[in-house]
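Please read the structure below before turning to the comments.
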Amino acid sequence: MIDKSVYVYDNFFTEEIRSEIFELLLRPMWSPCSGGTSINWFWHINDLEKEDYFNSYLFNIICKKLNKNFTIQRIYANGQSSSQIGTPHVDNSDPNAVTFVYYPNPEWALDWNGHLIFSEDEIEPSKIIGYKPNRAVYFPSNITHYADAPHKRYTGFRISLAYKLLNIEV
């Protein structure tokens, strides 16, 4: 059941770290990406696992706060502007794979949409997690999910920082 597999952490990092993450992700590194076979495109920054700030500093905080040991598979960022919707997908079918998603935007309003949507049957939503500044969401990578598009009232950029991890405490 999804409700028992998806964990939400508000105020995950200090405000100083949230701000650092957001500023680092505003670098001009964004490129368009269709997410593999997806017909929907959005903005993307690849290879963040090559940067010490993400693969060491933040990763150590994540492991400590979650009280887990992981190995990193990938770290990247997704960006969505108005009407850019994700496609339902599974990150990894390996039962030891987990996804950690973090929202660094400094502000967000409920009516801007951009929620994280999970589905157990790939037909309808079974759980919706609102996009909220400094929120982290941790879940098994084999759960179908996608990011809702920001509403046209939102003229900025919805950013999510994604860690694709393997749980080594099996």
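Structural remarks
- Considering segment 37-76, and only residues there that are in a loop (DSSP other than H, G, I, E, B) and open to solvent by less than 60 Å² (accessible area, probe 1.4 Å), the residue that is nearest to residue 101 (Cα to Cα) turns out to be 51.
- Every condition in (1) under 25 Å from residue 26 (Cα atoms); (2) without any contact (Cβ under 8 Å) to a residue 12 or more places away in the chain; (3) acidic (Asp, Glu) is met by residue 124 except one, and the failing one is (1).
- Given (1) closer than 30 Å to residue 124 by Cα; (2) under 17 Å from the mean Cα position of the chain (by Cα); (3) open to solvent by 60 Å² or more (accessible area, probe 1.4 Å), number of the condition residue 95 does not satisfy: (2)
Yes or no, residue by residue, for (1) on the phi > 0 side of the Ramachandran plot; (2) modelled with pLDDT under 85:
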| position | (1), (2) |
| --- | --- |
| 24 | no, no |
| 28 | no, yes |
| 36 | yes, yes |
| 70 | no, no |
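- Candidates 16, 20 - the one that is among the charged types (D, E, K, R), surrounded by 15 or more Cβ atoms within 10 Å (Cβ to Cβ) and out of contact with any strand residue (DSSP E or B) (no Cβ under 7 Å at 6 or more places or on another chain): 20
- Single residue of segment 121-147 satisfying the filter (of a type in the set (Ser, Thr, Tyr) and in contact with a Gly (Cβ under 9 Å, 6 or more places away or on another chain)) that is modelled with the lowest pLDDT: 146
The values are calculated or read from the model by the stated rules, or taken from the named source; none is laboratory data. Because the structure is predicted, anything quoted here is derived from the model rather than measured. No Cβ is skipped: glycine too gets one built from the backbone with ideal geometry, and neighbour counts run over all protein chains shown. All accessible areas refer to the heavy atoms of the entire protein, side chains included, with ligands and DNA or RNA removed. Shrake-Rupley method; radii C 1.70, N 1.55, O 1.52, S 1.80 Å.
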